[in-house]
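The values are calculated or read from the model by the stated rules, or taken from the named source; none is laboratory data. Keep in mind that this is a model prediction, so the values were computed, not measured. As a convention, Cβ positions derive from the backbone with ideal geometry for all residues, glycine included, and neighbour counts pool all protein chains shown.
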Amino acid sequence: MKFELNWENLGNIREGRPTFGTDCPVLMYRLLQFSLRNVIETESGEGKGGEYLYKAGELVGRLIHKKFLADIKDTDELFTKLANLLYELKVCILRVEKSYPDKGEFVLTASEDLDCSGVPEIGWPICQFDEGFVAGILSVFTGKHAVAKEVDCWATGERFCRIEAKVE
């Protein structure tokens, strides 16, 4: 039986967790994400973990857009509302570094990122979920296919993440 990702299947977190509510330590989030990446790569091959995390990020980005950002028509407003949402959810501090809506090109930076801030330098970016998340939001927003690529990351020695996105 296939599990469908939708808002209803996430359940009533406040009701189900009256003591802890929606709070969850970053440690547990990273253990889940990094162990899932490890299992996928062990079972399916090197690089597949990042590929699947990108796809999962796209799915979540599409859901987030439909629930929180669907009424927005302006790119500046989209990124402002998204930055506020991600801050409120304690995901990251998002900033638009460059925005060329007419060309469909964007450069975003994230500090205090849930996925990687504080990880050791390993020589390659690890935020494929974030890449997919940005691509998913832009794809729904524009009605066109979008791709995103992390070019700077804590895991590459930076102290922030930088994602370049392109609407095709």
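Going through segment 92-132 one residue at a time, which ones are of a type in the set (A, V, I, L, M) and either exposed (fewer than 14 other Cβ atoms within 10 Å of the Cβ) or out of contact with any strand residue (DSSP E or B) (no Cβ under 9 Å at 6 or more places or on another chain) (or both)?
L114, V119, I122
Within segment 42-88, which residues are within 19 Å of L10 (Cβ to Cβ) and touching a strand residue (DSSP E or B) at 6+ places or on another chain (Cβ under 7 Å)?
If the condition is that a residue be within 19 Å of L10 (Cβ to Cβ) and touching a strand residue (DSSP E or B) at 6+ places or on another chain (Cβ under 7 Å), then L86 is the only one that fits.
Tell me, please, whether a residue that is within 21 Å of E88 (Cα to Cα) and in contact (Cβ under 8 Å) with a residue 60 or more places away in the chain can be found in segment 16-29.
Checking segment 16-29: at least one residue is within 21 Å of E88 (Cα to Cα) and in contact (Cβ under 8 Å) with a residue 60 or more places away in the chain.
What's the number of the condition V39 fails, among (1) without any contact (Cβ under 8 Å) to a residue 40 or more places away in the chain; (2) among the β-branched types (V, I, T); (3) farther than 18 Å from E112 by Cα; (4) surrounded by 13 or more Cβ atoms within 10 Å (Cβ to Cβ)?
Answer for V39: the failing condition is (4).
Got a sec? Which of E46, E41 is in contact with a helix residue (DSSP H, G or I) (Cβ under 9 Å, 6 or more places away or on another chain), among the acidic types (D, E) and more than 19 Å from A146 (Cα to Cα)?
Exactly one of E46, E41 is in contact with a helix residue (DSSP H, G or I) (Cβ under 9 Å, 6 or more places away or on another chain), among the acidic types (D, E) and more than 19 Å from A146 (Cα to Cα), namely E41.
Any residue in segment 89-104 that is modelled with pLDDT of 95 or more, farther than 30 Å from E46 by Cβ, touching a helix residue (DSSP H, G or I) at 6+ places or on another chain (Cβ under 8 Å) and of a type in the set (F, W, Y)?
No, that holds for no residue.
Test G143 against the criterion of being over 20 Å from L63 (Cα atoms), free of Cβ contacts under 8 Å to residues at least 40 places away in the same chain and out of contact with any Lys or Arg (no Cβ under 8 Å at 6 or more places or on another chain), and give yes or no.
no
Could you list, in sequence order, all residues of segment 44-91 that are surrounded by 12 or more Cβ atoms within 10 Å (Cβ to Cβ), acidic (D, E) and either free of Cβ contacts under 8 Å to residues at least 60 places away in the same chain or within 13 Å of T142 (Cα to Cα) (or both)?
The answer is E77, and nothing else.
Considering every residue within segment 142-158, establish whether at least one is in a helix (DSSP H, G or I) and of a type in the set (V, I, T).
Yes, because at least one residue in segment 142-158 is in a helix (DSSP H, G or I) and of a type in the set (V, I, T).
Of all helices (runs of 4 or more DSSP H) completely enclosed by segment 1-83, which ones contain at least 2 residues that are modelled with pLDDT of 95 or more, more than 18 Å from the chain's Cα centre (by Cα) and not basic (K, R)?
Per the criteria, 26-44.
Within segment 11-23, is there a residue that is within 29 Å of K166 (Cα to Cα) and of a type outside the set (D, E)?
Among the residues of segment 11-23, not one is within 29 Å of K166 (Cα to Cα) and of a type outside the set (D, E), which makes the answer no.
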